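Colleague: Take this structure first; my questions come after.
The values are calculated or read from the model by the stated rules, or taken from the named source; none is laboratory data. This structure is a prediction, so every number in the text was calculated from the model and none was measured. FYI the Cβ positions are ideal-geometry reconstructions off the backbone, even for glycines, and counts take in every protein chain you see.
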Amino acid sequence: MLGLAIAVWLVAPIALKTLARASFFEMTAPVVAASSYVNDLQKFWALRLHSKDELIEAGRDMARINSKYSLSVQQNGELQAEVERLQSLLKMPAIEGYRYEHARVAQRDFSAWWQRMVIRKGADYAIPVGAPVVYSGGVVGRVAEVHAYTSIVQLTTDPGLRIAAVVDGDTRPISYQGGDNQVFGAPKGLIEFVPLDVYASGSVPKRLATSGLGGVYPPGLTIGRIVHVESSADGLFKTGEVELDPRLSELTEVTVLVKEDSL
């Protein structure tokens, strides 16, 4: 019976396989989301056990952080107004805007087959496939699949993800790709087509950022640090290794950048 089921699955049309896979994911999604909500509830009650002195101190720290961010928001508003004024004077096209959708991480799936996570927002928040996902440290990945109220994010550690990138201080584009990451190993990626005059090492790393090419990621977002480069087999370029932020495997909340024209 098992062999017959496998044979039927192998000869089934692609449309049927896609429908079955999507239906199975939608059926199991409530379990994943419910588990995530239960974890949030456990953390909430765990925080209730802290003493008043600890909560007061945490409140003071939060007030300082809020004051710092309030100042940053004001400065950002002034800079945005200046950018709009210069665009008007120079008759430049407006920069594409984004809507920020903050989402909780419901599940992480790090294996030899893929590197991805499930977030608790999907079609119910108009999340599009291909949207970039970021956090305070830079790029998380991109939205690979969108379901009713969850989405699957393909991480920068996934070998199937490619990004047009640049070395900090340089404008020449290079290619970034997720590396062969082990389950409990440090996250890493690979770069190709690096110019021959670019040097980096573990003691003198260089920041790798998005170039803005391809229309997916805004320019200037941090991807990681280049810790090693060497000449490629053809000798025309260099290849290298990128050290990614270890927080990628511990994220609890991320932000999806949704282009305003895609609403």
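Colleague: Give the stretch 80-99 a look and list any residue that's over 26 Å from the mean Cα position of the chain (by Cα) and either on the phi < 0 side of the Ramachandran plot or of a type in the set (A, V, I, L, M) (or both), or say none.
Modeller: At the first step, the residues of the stretch 80-99 found to be over 26 Å from the mean Cα position of the chain (by Cα) are 81-93.
Selection gives A81, E82, V83, E84, R85, L86, Q87, S88, L89, L90, M92, P93.
Colleague: What residue, among those in the stretch 146-157 that are in contact (Cβ under 8 Å) with a residue 60 or more places away in the chain and touching a strand residue (DSSP E or B) at 6+ places or on another chain (Cβ under 8 Å), is farthest from P128 (Cα to Cα)? Spell out how you get there, then give the answer.
Modeller: Pass one, the stretch 146-157, residues in contact (Cβ under 8 Å) with a residue 60 or more places away in the chain: 147-151, 153, 155-157.
Of the ones still in play, those that are also touching a strand residue (DSSP E or B) at 6+ places or on another chain (Cβ under 8 Å) are 150-151, 153, 155-157.
Numbers: T150: 12, S151: 9, V153: 11, L155: 16, T156: 18, T157: 21 Å.
Per the criteria, the residue is T157.
Colleague: Restrict the check to the stretch 158-172 and report whether at least one residue is in contact with a Ser or Thr (Cβ under 7 Å, 6 or more places away or on another chain), under 30 Å from D124 (Cβ atoms), in contact (Cβ under 8 Å) with a residue 60 or more places away in the chain and of a type outside the set (F, W, Y).
Modeller: Yes, because at least one residue in the stretch 158-172 is in contact with a Ser or Thr (Cβ under 7 Å, 6 or more places away or on another chain), under 30 Å from D124 (Cβ atoms), in contact (Cβ under 8 Å) with a residue 60 or more places away in the chain and of a type outside the set (F, W, Y).
Colleague: Something else about it: Only one of (1) at pLDDT below 85; (2) exposed (fewer than 11 other Cβ atoms within 10 Å of the Cβ); (3) among the aliphatic types (A, V, I, L, M) fails for A22. Which number is that?
Modeller: Evaluating A22 over (1) at pLDDT below 85; (2) exposed (fewer than 11 other Cβ atoms within 10 Å of the Cβ); (3) among the aliphatic types (A, V, I, L, M) leaves (2) as the failure.
Colleague: Failed condition for P218, given (1) over 18 Å from R142 (Cβ atoms); (2) touching a residue at least 12 places away in the same chain (Cβ under 8 Å); (3) in a loop (DSSP other than H, G, I, E, B), with all others met?
Modeller: Only one criterion in (1) over 18 Å from R142 (Cβ atoms); (2) touching a residue at least 12 places away in the same chain (Cβ under 8 Å); (3) in a loop (DSSP other than H, G, I, E, B) is unmet by P218, namely (1).
Colleague: Next question, about the same structure. Would you mind stating whether Y135 is at pLDDT 90 or above, among the aromatic types (F, W, Y) and out of contact with any Gly (no Cβ under 8 Å at 6 or more places or on another chain)?
Modeller: So Y135 passes the test.
Colleague: Among what's in the stretch 105-126 and is modelled with pLDDT of 90 or more and within 14 Å of the chain's Cα centre (by Cα), pick the residue that is surrounded by the most Cβ atoms within 10 Å (Cβ to Cβ).
Modeller: I119
Colleague: Going residue by residue through the stretch 214-230, is there one that turns out to be within 19 Å of the chain's Cα centre (by Cα), among the small types (G, A, S) and within 19 Å of P159 (Cα to Cα)?
Modeller: We begin by selecting, within the stretch 214-230, every residue within 19 Å of the chain's Cα centre (by Cα); these are 214-226.
Still in the list and also among the small types (G, A, S): 214-215, 220, 224.
Keeping just the survivors that are within 19 Å of P159 (Cα to Cα) gives 214, 224.
Yes, the stretch 214-230 has at least one match.
Colleague: Could you grab me the full set of residues in the stretch 179-210 that are in contact (Cβ under 8 Å) with a residue 40 or more places away in the chain, buried (at least 18 other Cβ atoms within 10 Å of the Cβ) and not hydrophobic (A, V, I, L, M, F, W, C)?
Modeller: Answer for the stretch 179-210, where residues must be in contact (Cβ under 8 Å) with a residue 40 or more places away in the chain, buried (at least 18 other Cβ atoms within 10 Å of the Cβ) and not hydrophobic (A, V, I, L, M, F, W, C): G179, N181, P187, K188, G189, T210.
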